[in-house]
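Worksheet for the structure shown next.
The values are calculated or read from the model by the stated rules, or taken from the named source; none is laboratory data. Please read all numbers here as calculations on a predicted model, not as lab measurements. Here the Cβ positions follow ideal geometry from the backbone for every residue, glycine too, while neighbour counts run over all protein chains shown.
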């Protein structure tokens, strides 16, 4: 899970980049940006520790659900770690357990005191000056409408493009063995369409499935071989 600390003026500049997406992404983006403001410093969640990295160091920012949540016990390196290692990059882990594109205190998927959305992590990704950005969420958004998920995903993608115009950005669809459930395939389709709308790369882990039945346990956790297979698929999407 991500480590947190305080950020400073770079965070304020990054929030400005997020607000800029309101002009580009329309009313849905404005709504999403308002959600970020509402869940800011008063939420009790502070930004991750990696900030102002050495510009000579390649940086990969990961946004989304907590990466360790899908790794089996004893797996020392998740696919995010493997991707960063292959790129000879520092991994800035901005993930939060249960985060999704449409999660948040103002929407139905939130059933705890504070439910962060992926958009909340965008200012910190911008502050990290990431060279690569990977966005991946599981099924946290399953209960929202298709249009809501698509609009909020486009808002995230647009904010990243505004704040990190030189970064390579990919969105990674959910992982599942074949055949995937209708819920998973629906989410993949929505995110793929949103990525096309924003003109960013989409990496499918379903077509064909990146993981096999033997690599996923009965709780949906992925073993070391499965983590490696996903890493290979994502690196192809990044051109690595």
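Couple of notes before you dig in:
Here's the yes/no breakdown for (1) within 23 Å of residue 236 (Cβ to Cβ); (2) in contact (Cβ under 8 Å) with a residue 24 or more places away in the chain; (3) buried (at least 18 other Cβ atoms within 10 Å of the Cβ):
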| site | (1), (2), (3) |
| --- | --- |
| 142 | no, yes, no |
| 146 | no, yes, no |
| 170 | yes, yes, yes |
| 175 | yes, yes, yes |
| 201 | yes, yes, no |
| 209 | yes, yes, yes |
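- Taken over the range 176-207, the residue count meeting the criterion of being closer than 17 Å to residue 153 by Cα, part of a loop (DSSP other than H, G, I, E, B) and out of contact with any strand residue (DSSP E or B) (no Cβ under 9 Å at 6 or more places or on another chain) is 1.
- All told, residue 158 meets the bar of being part of a helix (DSSP H, G or I), surrounded by 23 or more Cβ atoms within 10 Å (Cβ to Cβ) and in contact (Cβ under 8 Å) with a residue 24 or more places away in the chain.
- Residue check for residue 133: under 26 Å from residue 235 (Cβ atoms), modelled with pLDDT of 95 or more and in a helix (DSSP H, G or I): no
- The single condition among (1) within 27 Å of residue 151 (Cβ to Cβ); (2) not in a loop (DSSP other than H, G, I, E, B) that residue 236 does not satisfy is (1).
- Of residues in the range 124-140 being more than 19 Å from residue 100 (Cα to Cα) and in contact with a helix residue (DSSP H, G or I) (Cβ under 8 Å, 6 or more places away or on another chain), the one surrounded by the most Cβ atoms within 10 Å (Cβ to Cβ): 127
- Counted residues, the range 28-81 - those being assigned to a loop (DSSP other than H, G, I, E, B), surrounded by 20 or more Cβ atoms within 10 Å (Cβ to Cβ) and modelled with pLDDT under 50: 3
- Verdict on residue 188 being in contact (Cβ under 8 Å) with a residue 24 or more places away in the chain, out of contact with any helix residue (DSSP H, G or I) (no Cβ under 6 Å at 6 or more places or on another chain) and over 17 Å from residue 95 (Cα atoms): no
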